[in-house]
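Worksheet: the structure to be examined is printed underneath.
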Ligand SMILES: NC(=O)c1ccc[n+]([C@@H]2O[C@H](COP(=O)([O-])OP(=O)(O)OC[C@H]3O[C@@H](n4cnc5c(N)ncnc54)[C@H](OP(=O)(O)O)[C@@H]3O)[C@@H](O)[C@H]2O)c1
């Protein structure tokens, strides 16, 4: 694409993803930071660069939707704990494009009429992305599938140590750690979590043309067998310290597209309901993509998990990548036709050269 200059970007929420997105916007040659929305009152009015651990940049954090709209940004990177559809619709109606890691990766048209209308009213675009879901679950498997044929199965699977994810609210409430198995299984947030992964599975099903209709969810839990230190405090014996989910699209009862996660609070003192220990296996932490076909192609991604728990708590590469996937999409989303645009609609999204190497 021809590179446009100075698209004005507002960061919505300054948690791990939000702070990394601010850093990404400041390093991106076509983007300019216009502001940030913050949730905690103690962040209100603070310099946005400082909130992201950088030098002051001269723009200050705001706390209301009206203040964000008044900034008249080209794009908002929307990364709060949980999405609020009304809020997103208001941003879109105001003319701001929205890029987000909290949903809308492959939305059901029957459930998104209001958001589409908001896009048309504002002449704006909504794009859902991330890494998992988003990117590794569908965009990269689709890319790999192009070099194989007669595909019988597509799998994207994460193996991560969640002790490195310093987002206690997400780890506890969205991912379901630290409570009883019953609480984890009953949590309404499991539906929110599964919604994103199921959408990714449906995107691969649709583009590859499988005659799959349902997506089956399978969940397994591991509990601590001794106290485990974690970002949500000590997980006591008997409490949830490992989660495995599989979302399988089925044809004739057999999986054809699978998204799966193996989230473990380390590899010690964890046992499944059958009493067996849970580990990552010999290959360690990773993301795997496998397209079974002619030929079968496997891609393993390393580098998205930190070198150590301590390093991950300072800056987690998976969170930085999630933010970067949002930031990289901004120029393409701003140039897109109004509406909800997925990876299937947008051109190839790429990052940019480091500032000191750029032309
Ligand atoms: N798709 C993917 O691959 C992917 C990957 C990672 C994360 N995510 C999602 O991205 C979102 C942000 O993740 P994160 O790692 O940045 O989490 P985080 O570090 O916990 O940050 C959460 C942010 O939400 C704000 N917040 C807390 N309670 C809120 C509320 N009631 N209403 C509105 N905002 C609230 C927090 O504000 P304060 O900072 O002011 O407290 C914080 O800025 C989460 O929804 C997470 O599930 C997606």
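Rule-based calculations on the coordinates, nothing more; no lab input. Everything numeric here is computed off the predicted structure, so don't read it as measured data. So basically every Cβ, Gly included, is an ideal-geometry build from the backbone, and we count neighbours across all protein chains shown.
Descriptive notes on the structure:
- The residues of segment 118-152 that are without any contact (Cβ under 8 Å) to a residue 40 or more places away in the chain and either buried (at least 16 other Cβ atoms within 10 Å of the Cβ) or within 16 Å of the ligand (Cβ to nearest atom) (or both) amount to a single one, 118.
- Of all residues in segment 153-186 being within 12 Å of the ligand (Cβ to nearest atom) and more than 17 Å from residue 241 (Cβ to Cβ), the one that is surrounded by the fewest Cβ atoms within 10 Å (Cβ to Cβ): 169
- For residue 48: the one exception among (1) without any contact (Cβ under 8 Å) to a residue 40 or more places away in the chain; (2) in contact with a helix residue (DSSP H, G or I) (Cβ under 7 Å, 6 or more places away or on another chain); (3) surrounded by fewer than 18 Cβ atoms within 10 Å (Cβ to Cβ): (3)
- Qualifying residues in segment 187-202 (those that are buried (at least 19 other Cβ atoms within 10 Å of the Cβ) and more than 12 Å from the ligand (Cβ to nearest atom)) - the one farthest from the chain's Cα centre (by Cα): 202
- Residue check, residue 291 more than 16 Å from residue 181 (Cβ to Cβ) and touching a strand residue (DSSP E or B) at 6+ places or on another chain (Cβ under 6 Å): yes
- Scanning segment 281-291 for residues that are surrounded by fewer than 17 Cβ atoms within 10 Å (Cβ to Cβ) and in contact (Cβ under 8 Å) with a residue 40 or more places away in the chain returns 281, 283, 284, 288.
- Among residues of segment 327-346, those that are touching a helix residue (DSSP H, G or I) at 6+ places or on another chain (Cβ under 6 Å) and in a helix (DSSP H, G or I), counted: 1
- When residue 356 is tested against the conditions (1) within 16 Å of the ligand (Cβ to nearest atom); (2) not in a strand (DSSP E or B), the lone failure is (1).
- Set 10, 17: member being touching a residue at least 60 places away in the same chain (Cβ under 8 Å), more than 13 Å from the ligand (Cβ to nearest atom) and crowded, with 16+ Cβ neighbours inside 10 Å: 10
- When segment 296-327 is filtered for residues that are without any contact (Cβ under 8 Å) to a residue 60 or more places away in the chain and surrounded by 15 or more Cβ atoms within 10 Å (Cβ to Cβ), only 317 remains.
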